[in-house]
Every structure is written in structure tokens, then in C-alpha cells.
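Asks: Structure below; questions to follow.
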Amino acid sequence: MTILGLATPWQWVQPRGHDELVKRLLEAADFRVHERERENLCSCAAAAICELREDTGRSLRGWFAGLAMQGLLANPHRDYDPKDLAELAYAQADAMIAELKKERAK
């Protein structure tokens, strides 16, 4: 049996580059993609975000937005427009930073 190119039994195939990772993350939003595939892709995305952070000196806001984006993409029942996804991820990051500031002010 094959579901979206994944044969049973499931076998992990490492994405080759950021473009393939993004493509497979978008496909993983479909609930028919194996749960372990989604988990591993999110793990790969976290590693890719860490690499980008080191390369670009990404801010805490960008880091939180990347984590929020992973969570949003992990929902198999939602399909996001890329612009909407970015706006939601940064809104969540801003909320996280606001809460951190409240905690630090105590």
C-alpha cells in the first residue's frame, strides 16, 4: 500500500536540502502522511532553523516565529497560505516575547 509516496512499512528518507524539506513539510499537513514522517520532518525543520539562525544571526523573535510555524504546519487538518502562515507565526512570536517581558519585570 502506498500513501502519498510512502510505502508500508514506513521508511524515513532524509530531505535533500531546504527546498525539499519545505515541500515535504507542506505535504505532511495532509493527515494521510505517516505520523512519524511528520515528526521527523519537524525535527529536520528545527535543525534547519538552527542552521539559519547561526548563518543569519536571527533574533529571538525569528526563532519563536520558526517554532510557531513548525507547530502550525504540524496540524494535518489545516492548509495555510504562506503569507498567512508567516503572519500567524510572527504574531505568536510577539505574544511570547510580551510574556517574557512581563515575567522579567516581576
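Asks: Calculate, in nm to one decimal, what residue 60 and residue 26 gain on full extension: separation in residues at 0.36 nm each, minus their alpha carbon distance.
Replies: On the way: separation 34, 0.36 × 34 = 12.24 nm, distance 2.44 nm.
Full-extension gain reported as 9.8 nm.
Asks: Shifting gears a bit: Take residue 84 and residue 35, extend 7 Å from each Cα along the Cα→Cβ direction, and tell me the distance between the two endpoints in nm.
Replies: So the two model labels end up 2.7 nm from each other.
Each value in this text was obtained by applying a stated rule to the coordinates, not by laboratory testing. From a predicted model like this one, the values you see are computed outputs, not experimental measurements. Reconstructed Cβ throughout: ideal geometry from the backbone, glycine too, with neighbour counts over all protein chains shown.
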